[in-house]
Amino acid sequence: MRVHKVLTIAKRDYIATVRTKAFLFGLVVAPILFGGGSIGMSFLNGKPDLADRHIAIIDHTGVVAGALVSAVREKNERELFDKKTHRQIEARYVFEVIAPAADPASSKDQLLALSGRVRSKRLVAFLEIGKDALRPPKPGDDADDFDLGTSKRTNPDTGVAYYTNAGGIDEMRRWLSGPISDGVRLARLTQFGIDIERNRDLAASVRIDGLSLLERDEKTGAVREARKRSELEVLVPAFTAVVLVMIVMVGSAPMLQSVTQDKSQRIVETLLGAASPFELMTGKVLGSVGVSVTSSLFYVIAGVAAVNALGVAGLLPLTIIPWFYAYLLTDVVMLCAFAAALGACCGTPQDAQNFAIVLLMPVLLPAFMLVTVLRQPNGALATAMSLVPPFTPILMLLRQALPSGVPAWQPWVGLAGALAFAAVTVWAASRIFRVAILMQGKPPKLAEAVRWALKG
Amino acid sequence: MDAVQISHVTKTFGSVTAVDGLSLTVPQGSIYGFIGPNGSGKTTTMRMIVNIFYPDRGEIRLFGDGRPETSTDFIGYLPEERGLYQRMTVQALLEFYGELRSGHGVKAEVANWLERLGLASRASDKVETLSKGMTQKVQFIATVIPEPKLLILDEPFSGLDPVSAEAIRSAILDLRRRGVTIILSTHDMHLAESLCDYILMIFRGRKVLDGTLTSIQDQYGEDTIRVTADGGVAAVESLPGVEQIRDLGQVQELRLTRGADPQEALRALVAKARVTSFSLTKPSLYDIFMRIAGPAAEEANHASA
């Protein structure tokens with residue numbers, strides 16, 4: 001391989017990309033959209049909907065509703081106002097206790113009428129406390145109480161039914177689960193003749209404070225106290241992984257278009273008169289790596305400045321940066337080689353559009369798994385998936401960046417696997433590229449491309 | 001030393017044999033013209049010389065022992081299907097191609113060639129703003145910077161207006177004078193006759209003609225009569241010893257059967273019409289081409305098959 005040819009091709013492709021308005025626009029606009037979205041979200045989080053939330057209760061036990069209303073009132077008093085500023089920060093929950101209908105037929109009408117009130121926004125939800133709600137479930141009771149086929153309740157007399165049309169993530173249900181449990185518990189205690197007013201501690205909920213681990217300062221030997229854990233401890237690593245996804249996509253996706261364009265505009269044959277297919281592909285891949293590194297520098301510098309400005313620099317150790325670049329380069333080389341082979345197989349820009357989703361699969365699949373990994377970073381699934389070479393760069397980086405960390409051997413094994421996979425991808429892609437780049441007409445079938453990769 | 005030595009080269013694509021056992025020697029400093037119908041194997045042969053395709057069998061040597069894969073730095077290749085980066089300026093594009101081949105800056109050479117082909121004023125314009133003729137000139141310059149030892153031009157005059165074609169023709173001759181070996185393909189038989197030192201005709205992947213124009217014509221002898229007579233083509237019909245008539249409008253070209261006497265044909269013609277001119281010549285390259293690959297030859301091939 002003649003290095004000067006590779007570098008000349010890489011330089012041209014690099015300049016051609018970074019000088020485009022699309023690149024500059026993406027470089028600046030993507031973080032603005034991203035950052036703007038985050039700022040917007042935090043702004044909206046800081047401006048919650050404070051309108052009263054009206055909830056109706058049908059209590060078949062006759063005793064739980066009162067206790068529930070009392071538990072909610074306590075929670076309202078505890079959480080409704082900011083302790084320092086005394087400004088209201090949560091919506092108030094207002095309950096309306098409704099007597100149960102006399103017979104099953106009118107009970108259905110009653111539920112239908114309440115559903116109508118929820119739809120017309122006069123209520124946000126309504127609760128129906130079953131007549132056996134005070135009876136705790138016994139071992140062997142069906143925990144689910146739903147018919148798998150119809151999704152209807154199989155035993156409406158037990159537990160509490162919560163009817164709502166709230167969309168998306170139902171924060172209200174999470175908020176209510178505490179007071180409802182407290183209310184039922186209070187009613188049970190009352191049923192057993194325990195004077196709640198004199199024994200309030202029996203029903204009191206216990207607060208759980210999330211804390212970081214203690215650690216010893218290696219220099220001074222002093223023990224660092226545990227600190228309150230912040231959501232940012234998860235958000236900053238997640239953001240780092242998302243940035244990697246973004247840079248890899250921005251760096252590799254144009255490659256498909258570029259190769260297809262060179263092919264359809266008949267530029268390739270002139271280039272092949274001066275450089276071998278492998279040199280041409282390597283040059284193009286190197287150009288894309290340059291583009292990715294350029295955009296990554298922008299994001300990394302901006303990211304480091306941002307975490308410093310927010311005072312959360314400690315949440316992302318700087319030791320993650322070399323890993324970030326190792327994964328970035330591996331992923332971009334792998335995907336760009338793949339894109340070059342795909343682009344060589346395309347006859348028209350239309351074909352390239354059809355193949356784009358195939359190209360981005362190695363980035364999109366791990367991106368879809370980010371939440372799974374965040375839930376259990378060291379679970380078997382997260383560990384296994386982060387050791388699958390095409391997914392390693394994104395998933396292993398996320399796991400490394402999380403406070404739980406990973407065993408020291410895993411990043412090395414993952415990186416070695418990813419590098420080996422990238423090498424095989426480049427090798428196979430160059431063989432497909434060489435055969436396909438001068439072919440015209442319909443794209444080859446998968447079996448044909450595999451045969452080219454294996455036999456050259 | 002020969003510039004190109006092709007020995008028994010075969011190239012197949014699936015079930016199609018594009019080039020079949022081709023052997024060829026291209027002397028250094030010559031202009032070698034490849035002719036043949038579309039799909040006969042000219043472009044495939046050129047691509048193998050440039051190392052874009054690899055032969056299935058046989059071998060290609062360049063300037064002695066050089067292999068195509070190690071020789072692309074001193075080969076300039078102008079493909080038949082041309083394309084340039086449309087958004088680059090002419091200057092940047094030519095510097096890119098020059099650096100790609102040579103590994104060093106080629107600013108001075110670019111300036112010289114732009115001046116020579118009348119494009120100096122367009123150096124900072126984007127390629128997409130050029131006319132088709134200008135674009136083809138730019139493509140030609142990209143092929144000859146830096147000056148190659150071997151220049152391979154696939155249909156270099158295709159689509160060019162006479163002025164641009166003359167500029168390219170003159171540049172090719174100048175390069176040949178400076179010792180550059182040139183292989184070009186063309187469908188223009190007059191151009192091949194006037195420009196090329198040697199001519200190779202490939203037909204269905206096989207070499208059917210190879211040599212100087214004279215040596216090729218000598219294989220056929222003086223079997224062609226060019227005649228101008230009152231009555232045009234009607235006057236030359238049914239002449240004795242004439243097996244084929246080609247009507248060129250003002251002139252008719254007659255091909256004699258082997259061993260026929262041209263005097264007998266002349267006597268018969270004079271008896272029918274007033275003859276303005278009558279000359280006995282060797283067949284033109286066009287005529288030879290048509291004898292090998294024209295419809296009549298195709299029919300004969302089918303009949304014998």
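Structure above, values below:
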{"quantity": "Filter result for the condition that a residue is over 21 Å from A:Gln257 (Cβ atoms), surrounded by fewer than 18 Cβ atoms within 10 Å (Cβ to Cβ) and in contact with a helix residue (DSSP H, G or I) (Cβ under 8 Å, 6 or more places away or on another chain), over A:Leu395, A:Leu419, A:Leu415", "calculated": "A:Leu419"}
{"quantity": "Pick from region A:260-295, criterion away from chain B (no Cβ under 14 Å) and among the hydroxyl-bearing types (Ser, Thr, Tyr), ranking: surrounded by the fewest Cβ atoms within 10 Å (Cβ to Cβ)", "calculated": "A:Thr294"}
{"quantity": "Selected residue (only one of A:Ala241, A:Ala253 is of a type in the set (Gly, Ala, Ser), surrounded by fewer than 22 Cβ atoms within 10 Å (Cβ to Cβ), more than 14 Å from chain B (Cβ to nearest Cβ) and assigned to a helix (DSSP H, G or I))", "calculated": "A:Ala253"}
{"quantity": "Those residues of region B:174-190 which are more than 16 Å from B:Gln139 (Cβ to Cβ) and free of Cβ contacts under 8 Å to residues at least 60 places away in the same chain, in sequence order", "calculated": "B:Asp174, B:Arg177, B:Arg178, B:Asp188"}
{"quantity": "Contacts under 9 angstrom Cβ, first residue in region A:392-408 being more than 16 Å from A:Leu364 (Cβ to Cβ), partner assigned to a loop (DSSP other than H, G, I, E, B) and among the hydrophobic types (A, V, I, L, M, F, W, C), 6 or more apart", "calculated": "A:Met396/A:Leu387; A:Met396/A:Val406; A:Arg399/A:Val406; A:Gln400/A:Val406; A:Ala401/A:Leu316; A:Pro403/A:Leu213"}
{"quantity": "Boolean, B:Thr43 is within 14 Å of chain A (Cβ to nearest Cβ), under 17 Å from A:Glu269 (Cβ atoms) and surrounded by 13 or more Cβ atoms within 10 Å (Cβ to Cβ)", "calculated": "yes"}
{"quantity": "Cross-chain or 6+ apart pairs with Cβ under 6 Å, region B:5-33 first and touching a residue at least 40 places away in the same chain (Cβ under 8 Å) and in the same structural domain as B:Asp154 (by TED's automatic domain parsing), then loosely packed, with under 15 Cβ neighbours inside 10 Å and not in a strand (DSSP E or B)", "calculated": "B:Thr10/B:Asp56; B:Lys11/B:Asp56; B:Thr12/B:Asp56; B:Gln28/B:Met1; B:Gly29/B:Gly179"}
{"quantity": "Residue among B:Pro55, B:Pro68 that is closer than 23 Å to A:Phe433 by Cα, more than 20 Å from the chain's Cα centre (by Cα) and more than 14 Å from every other protein chain (Cβ to nearest Cβ)", "calculated": "B:Pro55"}
{"quantity": "Of residues in region B:177-190 being of a type outside the set (Val, Ile, Thr) and part of a loop (DSSP other than H, G, I, E, B), the one surrounded by the most Cβ atoms within 10 Å (Cβ to Cβ)", "calculated": "B:Asp188"}
{"quantity": "Residue count, region B:100-123 (criterion: touching a residue at least 40 places away in the same chain (Cβ under 8 Å), of a type outside the set (Gly, Ala, Ser), within 14 Å of chain A (Cβ to nearest Cβ) and assigned to a helix (DSSP H, G or I))", "calculated": "1"}
{"quantity": "Scope region B:129-176; condition polar (S, T, N, Q) and part of a loop (DSSP other than H, G, I, E, B); matching residues", "calculated": "B:Ser131, B:Ser158"}
{"quantity": "Among (1) part of a loop (DSSP other than H, G, I, E, B); (2) surrounded by 12 or more Cβ atoms within 10 Å (Cβ to Cβ); (3) modelled with pLDDT of 75 or more - the single one A:Gly193 does not satisfy", "calculated": "(2)"}
{"quantity": "Of all residues in region A:301-348 being closer than 30 Å to A:Pro277 by Cβ and hydroxyl-bearing (Ser, Thr, Tyr), the one that is modelled with the lowest pLDDT", "calculated": "A:Thr348"}
{"quantity": "Candidates A:Ala352, A:Ala382 - the one that is of a type in the set (Gly, Ala, Ser), in contact (Cβ under 8 Å) with a residue 24 or more places away in the chain and either at positive phi or surrounded by 15 or more Cβ atoms within 10 Å (Cβ to Cβ) (or both)", "calculated": "A:Ala352"}
{"quantity": "Qualifying residue in region A:268-285 (condition: in a helix (DSSP H, G or I), assigned by TED's automatic domain parsing to the domain that holds A:Met246, more than 30 Å from B:Lys149 (Cα to Cα) and modelled with pLDDT of 90 or more)", "calculated": "yes"}
{"quantity": "Neighbours by Cβ (under 9 Å, 6+ apart or cross-chain): first from region A:207-236, outside the structural domain of A:Val371 (by TED's automatic domain parsing) and farther than 30 Å from A:Glu79 by Cα; second at pLDDT 80 or above and among the small types (Gly, Ala, Ser)", "calculated": "A:Arg216/A:Ala222"}
{"quantity": "Identity of the residue in region B:82-95, surrounded by fewer than 20 Cβ atoms within 10 Å (Cβ to Cβ) and assigned to a helix (DSSP H, G or I), that ends up nearest to the other protein chains (Cβ to nearest Cβ)", "calculated": "B:Ala92"}
{"quantity": "Selected residue (only one of B:Gly66, B:Gly58, B:Gly21 is modelled with pLDDT of 90 or more and buried (at least 16 other Cβ atoms within 10 Å of the Cβ))", "calculated": "B:Gly58"}
{"quantity": "Flag for A:Thr150 being touching a Gly at 6+ places or on another chain (Cβ under 6 Å), modelled with pLDDT under 80 and either surrounded by fewer than 12 Cβ atoms within 10 Å (Cβ to Cβ) or in the same structural domain as A:Gly66 (by TED's automatic domain parsing) (or both)", "calculated": "no"}
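The values are calculated or read from the model by the stated rules, or taken from the named source; none is laboratory data. Remember, it's a predicted structure, so these values are computed and weren't measured experimentally. Ideal geometry is used to build each Cβ from the backbone, glycine not excepted, and the neighbour counts take in all protein chains shown.
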